[in-house]
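Readers should treat all values here as calculations from the given coordinates under stated rules, not as data from a laboratory. Note that this is a predicted model, so its numbers are computed, not measured. As a convention, Cβ positions derive from the backbone with ideal geometry for all residues, glycine included, and neighbour counts pool all protein chains shown.
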Amino acid sequence: MLHEGINTEVPARFALTRYFSIASLVCTILVAALLGWSYQYLALGDLRRLAEARNVALTHAFSNSLWPRFSNLVANSEKASPDTLRSIAKNENLYKLVASEMEGTKVIALKIYALNGVTVFSTDPAQIGANKSSKPAFRAALAGHITSGLSVRNTEDVLEGKVTHLDIIETYLPVFDEQKRIVAVFEIYSDVTDLIALLNDTRLIVIAIVLGLLGLLYVLLYVLVARAQMIIDGQEVVLRQSILKLDNRIKERTELLNATNLNLLSEIEERKTAEGEINSLAFYDPLTELPNRRLLLDRLKQAIGSSTKNARHGALLFLDLDNFKTLNDHLGHDIGDLLLKQVAKRLTACVREGDTVARLGGDEFVLILEGLSENSQEAARQTEIVGEKILGSLNQSYQVADYEYHATASIGVVLFADGHGATDDLLKQADLAMYRAKAAGRNALRFFDPEMQIVVTTRAELEADLHVAVLKTQFLLYYQIQVDSEGRLTGAEAMLRWEHPQRGLVPPLEFISLAEDTGMILPIGQWVLETACGQLARWADRAEMANLVVAVNVSACQFRRDDFVDQVLMVLNDTGANPHRLKLELTESLLVNDVEDVIAKMSILKARGVSFSLDDFGTGYSSLSYLKRLPLDQLKIDQSFVRDILTDSNDTAIAKLVIALSESLGLAVIAEGVEIEAQRDFLARQGCHFYQGYLFSHPLPLEEFEEFVQQYQSARKFPTALEHRHIKLLPGKYTSFDGKS
């Protein structure tokens, strides 16, 4: 325990006088040595600076007098051999020239270096040709700095022969031309042996003086220490008694501390465990124990960096279980969790140890394959092999609790290399490829195609433009007439147009499905209803228009809103439109869910005078049992059946069936897409007496439609495009609110 490690014995008497004597002696020696060294260091520094200044002055003198003779030698040194340089120096009497300059100075040797570090000249001929470019002092001189250093030489070759036991200052100095450019480097050796000897003698004198002063100080301090020793001895008895008391208190506190320490260790262990759990929750999926999204993104970033460094491809696989929601709905989430655990184990078994398997959430898993081939095609083949292995493994049956279950998966793949692609972009691309695999029938693997990104980007741009269109009301209503077999004008269908500022008129086929997916169909549908009803109210005051029934398409999303009935009634009330002149066209997709709610809403509106038509009948999956309960007024034969009704026996049979069904249910029937008289005549013979199509009129903007109706009413016949050339038609752009031409 803690108390066992504490020494509570009274320490032995401290011999202050003895320790002081030893410590003082050691300190005296150290101080003397330090002062001697400091003196020498400072003196040597001054000596070096003095010698350097002298060498600088000598260099300027030498360069002024010698450089004209050496400049050509330096300039041609790159192409000359050492023997050539020595021969030139000898032939031009450069040694004698240098010796004459050195005479009467402390300079004992001189070297001249070219800018490449080659020794062009040296008072020691053996040194000529040596390369000193690697020496720090030479490189410093090339940078324009002067550097010096002190060295001791046992022997040194000079012009007069060899000298021994020298203290030398070596100085490297740059030589500048008239343009202040460095053209060469001089190295001068100055003899400072006499100065060093004088310095050493002076140092001994200084040390002797210091030792004398320290000895005097020692005697004074010894007297003081002896007195202090007497005082310490007197306090020792008191200290021993205090230590005994302290020992008892320490024992008590130690026992308490040991108990507290045990509790603290337990708390620390619990905290470490909790931190481990927190770390696991932060980076791992608690269900499958696979890395979660945070850790996945970090590893993906590392994988991208690794692929760049190693010049190898990597692959990101985005996997989604097919029909997993059905399992959860039928057997419960507990069973679904058990399946996810088994899927995680199978995925881990299909990849290498260095690869990553992560769970994003739900039934989505992501795998990172690293170290694939440098060749993209080979890397794709390697990835496909792993993907097929995964599909095969996941296709095996699962024993989940008491159930045997069979599951498949869809996999999207994107390759990455050379650092191309951000982590979020790669995940999006793999996700797009995965949805392409689902669209291909599920249980499949598909690679990312850049065209997918183009589709997504185009859709995103269209969505942004559609938001603007809703805010700025960039929509128009066109109208296409509906007639009966007697040629009477019975009504018109309101058809939506988007007047895009850059693209022109955008057909509903390009944006209605997007509007339904994003919910923007609700404000658009409300605008169509308000605009059509407002026009109905204005036409009520015009004799030729007053009897028209306007058909307005209603999307399933709009109709399913709880306040749909209230909205329709409010629009009728606000605009003053006659509800008996309003016909709402519904699609068969509306009958898939909650038919009772559909019937209730239709009944309320029908009681107020609003009529209903089932649009595009025959293209969906309407149940006849529901159909006979709906308060409908009309069935509309889809134009896809009318187009080939004269040549396609299947279309003919369907059209006849719809007409017969309408008669049996007591409903009117209208055919859309009638373009030639033969189609109209055939439909009339089968019992269909209401028509809509290009045979009678294209969809027209409001002013042209009103003019068209006025001409028609006065002529009591169908004005064709040839008879009314002043009416502009836009072939190919006349599409109704629900996407019909």
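Tell me which aspartates and glutamates have Cα within less than 15 Å of K301's Cα, excluding those fewer than 8 residues away on the same chain?
Answer for K301, where 15 Å is the Cα cut-off: D355, E370, D418, D424, D425, listed by chain and number.
How far apart, in nm, are two points set 7 Å out from the Cα along the Cα-to-Cβ line at V31 and at S373?
8.3
Can you put M230, M570 in order, fewest other beta carbons within 10 Å first?
Fewest to most other Cβ atoms nearby, the residues stand as M230, M570.
Could you list E493, E663, E270, E170 so that the one with the fewest beta carbons within 10 Å of its beta carbon is first and the one with the most is last?
Fewest to most other Cβ atoms nearby, the residues stand as E270, E663, E170, E493.
Divide, for segment 16-197, the radius of gyration over alpha carbons by 2.2 N^0.38 Å, where N is the residue count.
1.30
Given 0.36 nm per residue, what is the gain on full extension from Q711 to T105 after removing their alpha carbon distance, in nm?
Taking 0.36 nm per residue and subtracting the Cα distance, the gain is 205.6 nm.
Taking H placed 1.01 Å from N in the peptide plane, check which residues at least 5 places from V400 or on another chain put their amide H under 5 Å from its amide H.
Those qualifying (amide H under 5 Å, at least 5 residues apart or on another chain) are Y405.
Place a label point 7 angstrom from the Cα of R18 along the Cα-to-Cβ direction, then list the residues of segment 224-247 whose backbone nitrogen is under 18 Å away.
Flagged as within label range: 225-234, 236.
Strictly greater than 33 Å: what percent of every Cα pair in the chain meets that?
Counting pairs separated by more than 33 Å, the tail of P(r) holds 75 percent.
Can you return the aspartates and glutamates within cross-link range of K438? Criterion is Cα-Cα under 18 Å, with same-chain partners fewer than 8 residues away left out.
Cross-link targets: D320, D322, D363, E364, E384, E388, D449, E451.
Based on other C-beta atoms within 10 Å, arrange K601, K111, K180 from fewest to most.
By the 10 Å Cβ count, ascending: K180, K601, K111.
Could you name the lysines in cross-link range of K135, using Cα to Cα under 21 Å and dropping any fewer than eight places away on the same chain?
Qualifying lysines at Cα under 21 Å: K111.
In nm, what is the difference between 0.36 nm times the number of residues separating K628 and D329 and their Cα-Cα distance?
Numbers: separation 299, 0.36 × 299 = 107.64 nm, distance 3.23 nm.
My answer for the length gained is 104.4 nm.
Give the calculated FRET efficiency between S649 and L297 to the nearest 0.05, with a Förster radius of 51 Å applied to their Cβ-Cβ distance.
The calculated FRET efficiency here is 0.30.
According to the square roots a ≥ b ≥ c of the eigenvalues of the Cα gyration tensor, what is the shape class of segment 417-502, taking rounded for a/c under 1.5, prolate for a/b larger than b/c otherwise, and oblate for the remainder?
oblate
Want the number for D597 to I268: 0.36 nm per residue separation, take away the alpha-carbon distance, what's left?
112.2 nm
Sort 354-367, 210-223, 284-297 for me by packing, meaning the mean count of neighbouring Cβ atoms within 10 Å per residue, highest on top.
354-367, 284-297, 210-223
Work out the charge dipole of the chain with +1 on the Cβ of Lys and Arg and -1 on the Cβ of Asp and Glu about the Cα centre, then indicate which of L582, L548, A99 is farthest towards its positive end.
A99
Listed highest first by mean packing, meaning other Cβ atoms within 10 Å per residue, what order do 604-612, 635-643 come in?
Ranking, from highest mean packing down: 635-643, 604-612.
If a/c stays under 1.5 just call it rounded; otherwise compare a/b with b/c (prolate if a/b is bigger, oblate if not). Do that for segment 323-473, with a ≥ b ≥ c from the square roots of the Cα gyration tensor eigenvalues.
Since a/c reaches 1.5 but b/c is at least a/b, the shape of segment 323-473 is classed as oblate.
Find the centroid of the Cα atoms in segment 567-604 and in segment 632-709, then give the distance between the two in whole Å.
23
In the chain, what % of DSSP beta bridges are antiparallel (nearest 5)?
Expressed as a percentage, antiparallel bridges in the chain total about 75.
Which of the three applies to segment 267-365, rounded, prolate or oblate, going by the alpha-carbon gyration tensor with a ≥ b ≥ c and a/c under 1.5 meaning rounded?
Note, shape of segment 267-365 comes out oblate.
Would you please put 246-252, 300-306, 375-381 in order of how densely packed they are, using the mean number of other Cβ atoms within 10 angstrom per residue and starting with the highest?
300-306, 375-381, 246-252
Pairs K389/K428; K601/K636; K132/K309: which exceed 29 Å Cα-Cα?
The answer is K132/K309.
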